[in-house]
Amino acid sequence: MPRKLTAKKLLAKFPKLEHKAGFLTDLACPKCGNADRTVKIDCKVICKLDEHETQPDGDYEWDGKSYCECRECHHYATVKDFTFKGLDDLIAEAQDSQQPEGVCDDGSIAK
């Protein structure tokens with residue numbers, strides 16, 4: 001069954017979404033629009049254990065079926081439900097179109 005909420009619809013619902021750099025791409029909460037990439041994800045990782053501490057030893061793994069929770073509103077679903085293909089590109093395009101002419105990306109005035 002196709003998901004009803006698309007990246008375009010999410011951006012229309014939450015027009016103030018901001019582009020965030022990082023390895024979690026196209027990710028946002030479908031309930032509150034939080035796109036700052038602070039989510040909880042159920043991951044699999046190998047750890048080193050001893051009587052004093054536990055340390056991750058390797059990469060963290062998850063997939064689209066993994067549990068995902070928004071740290072802002074605590075909505076939870078799967079990573080797939082939080083992933084909106086093309087969202088980061090749409091946000092970047094929207095931000096570019098709102099920037100006044102003659103203003104650089106860093107906010108300085110072009111000479």
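In the condition set (1) at pLDDT 80 or above; (2) over 19 Å from Val79 (Cβ atoms), Lys16 is compliant with all but (1).
Condition check: surrounded by 12 or more Cβ atoms within 10 Å (Cβ to Cβ) and at pLDDT below 90. Does Ala94 satisfy that?
Details: surrounded by 12 or more Cβ atoms within 10 Å (Cβ to Cβ): yes; at pLDDT below 90: yes.
The answer is yes for Ala94.
Leu27 passes every criterion in (1) modelled with pLDDT under 80; (2) in contact with a Ser or Thr (Cβ under 8 Å, 6 or more places away or on another chain) apart from (1).
Provide a single number: the residues in the stretch 47-73 that are out of contact with any Leu (no Cβ under 9 Å at 6 or more places or on another chain), among the hydrophobic types (A, V, I, L, M, F, W, C) and within 15 Å of Leu24 (Cα to Cα). So that I can check it myself, show each step before the final result.
Taking the stretch 47-73 first, the residues out of contact with any Leu (no Cβ under 9 Å at 6 or more places or on another chain) are 47-54, 56-67, 69-73.
This time we only want the ones that are among the hydrophobic types (A, V, I, L, M, F, W, C), so: 47, 49, 62, 70, 73.
If we keep only those that are within 15 Å of Leu24 (Cα to Cα) too, we end up with 62, 70.
Residues meeting the conditions: 2.
Does Phe84 count as out of contact with any strand residue (DSSP E or B) (no Cβ under 7 Å at 6 or more places or on another chain), among the aromatic types (Phe, Trp, Tyr) and either at pLDDT below 80 or surrounded by fewer than 10 Cβ atoms within 10 Å (Cβ to Cβ) (or both)? Spelling it out, it is not the case that Phe84 is out of contact with any strand residue (DSSP E or B) (no Cβ under 7 Å at 6 or more places or on another chain), among the aromatic types (Phe, Trp, Tyr) and either at pLDDT below 80 or surrounded by fewer than 10 Cβ atoms within 10 Å (Cβ to Cβ) (or both). Might you let me know whether the stretch 45-64 holds any residue that is exposed (fewer than 12 other Cβ atoms within 10 Å of the Cβ), free of Cβ contacts under 8 Å to residues at least 60 places away in the same chain and within 14 Å of the chain's Cα centre (by Cα)? Yes, some residue in the stretch 45-64 is exposed (fewer than 12 other Cβ atoms within 10 Å of the Cβ), free of Cβ contacts under 8 Å to residues at least 60 places away in the same chain and within 14 Å of the chain's Cα centre (by Cα).
The number of residues in the stretch 65-76 being within 17 Å of Glu18 (Cα to Cα) and surrounded by 16 or more Cβ atoms within 10 Å (Cβ to Cβ) comes to 1.
Assess whether Val79 counts as being modelled with pLDDT under 90, among the aliphatic types (A, V, I, L, M) and surrounded by 16 or more Cβ atoms within 10 Å (Cβ to Cβ).
Working: modelled with pLDDT under 90: no; among the aliphatic types (A, V, I, L, M): yes; surrounded by 16 or more Cβ atoms within 10 Å (Cβ to Cβ): yes.
No, not satisfied.
Gly33 meets each of the listed conditions (1) at positive phi; (2) modelled with pLDDT of 80 or more; (3) in contact with a strand residue (DSSP E or B) (Cβ under 9 Å, 6 or more places away or on another chain); (4) surrounded by 12 or more Cβ atoms within 10 Å (Cβ to Cβ) apart from (3).
The values are calculated or read from the model by the stated rules, or taken from the named source; none is laboratory data. A quick note: this is a predicted structure, and the numbers were derived from the prediction, not measured. Methodologically, a virtual Cβ is constructed for each residue, glycine included, from the backbone with ideal geometry; neighbour enumeration extends over all protein chains shown.
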